[in-house]
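Here is the structure we will look at.
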Amino acid sequence: MSLAYIILGLLQQQEMTGYDLKTSCFDQCIAHLWPADQAQIYRTLDKLVEQSWITCKIEIGRDRPNRKVYSVTEPGKAEFARWLGTHQPLPTIREPLLLQLHFADQLSNETTIHLLEQQVAARSKKLAECETIDLPSLSDESANREQVMQRLVLELVIRREQTYIDWLKIAIDVISHQKQYASHYQIL
């Protein structure tokens, strides 16, 4: 998946500036799925203009700087529709914590538990942020199709974070009850 398709989808909802994409869309709605910084967004906007999938018009500002407003072209809409209907392969997942845990026999139990507790805190924060996203529940019959799709995605993210937290707590419990064996690799 590419940042380009996210931007195409967002611009189909309404014309926006790069700043609006970052602050109103990525920071507010998409960050729990696909974080992006301002530089990534602007680089992608430039590439999309080069591919003729979006256009850019300059709005002259009287009391403020000029704004570049982006909108999707017909070829961009066609490409986005093609992408929406395409099966996506399983993502390559890189979990630095799991790699650390894989080699954690070289650490003390206390150090390993501390790493896991830090992850619990970070995952709990992300879970709390996701739970504050204001979308109707899946049982709310007044929800429109867009809200239902967004809620379905959010439900998976919430469940994933809760499952990860539950697993981390199990790992902490197991390690805290495990005897520490001396190893010539162990870092004390």
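Observations
- Residue within region 129-152 that is within 21 Å of residue 6 (Cβ to Cβ), touching a helix residue (DSSP H, G or I) at 6+ places or on another chain (Cβ under 8 Å), assigned to a helix (DSSP H, G or I) and modelled with pLDDT of 95 or more present: no
- Single residue of region 1-36 satisfying the filter (aromatic (Phe, Trp, Tyr) and under 11 Å from the mean Cα position of the chain (by Cα)) that is nearest to residue 134 (Cα to Cα): 26
- Tally, over region 30-55, of residues that are assigned to a helix (DSSP H, G or I), under 22 Å from residue 91 (Cβ atoms) and either among the hydroxyl-bearing types (Ser, Thr, Tyr) or free of Cβ contacts under 8 Å to residues at least 40 places away in the same chain (or both): 5
- Taken over region 57-73, the criterion of being in a loop (DSSP other than H, G, I, E, B) and of a type in the set (Asp, Glu) is satisfied by 63 alone.
- Inter-residue pairs, beta-carbon under 8 Å, first on the phi < 0 side of the Ramachandran plot and touching a residue at least 12 places away in the same chain (Cβ under 8 Å) and in region 115-142, second loosely packed, with under 13 Cβ neighbours inside 10 Å and assigned to a loop (DSSP other than H, G, I, E, B), 6+ apart: 136/142
- Only a single criterion out of (1) in contact (Cβ under 8 Å) with a residue 40 or more places away in the chain; (2) out of contact with any Pro (no Cβ under 7 Å at 6 or more places or on another chain) is not satisfied by residue 75, namely (1).
- Residue 97 surrounded by 11 or more Cβ atoms within 10 Å (Cβ to Cβ), without any contact (Cβ under 8 Å) to a residue 24 or more places away in the chain, assigned to a helix (DSSP H, G or I) and in contact with a helix residue (DSSP H, G or I) (Cβ under 6 Å, 6 or more places away or on another chain): yes
The values are calculated or read from the model by the stated rules, or taken from the named source; none is laboratory data. Note that this is a predicted model, so its numbers are computed, not measured. Ideal geometry is used to build each Cβ from the backbone, glycine not excepted, and the neighbour counts take in all protein chains shown.
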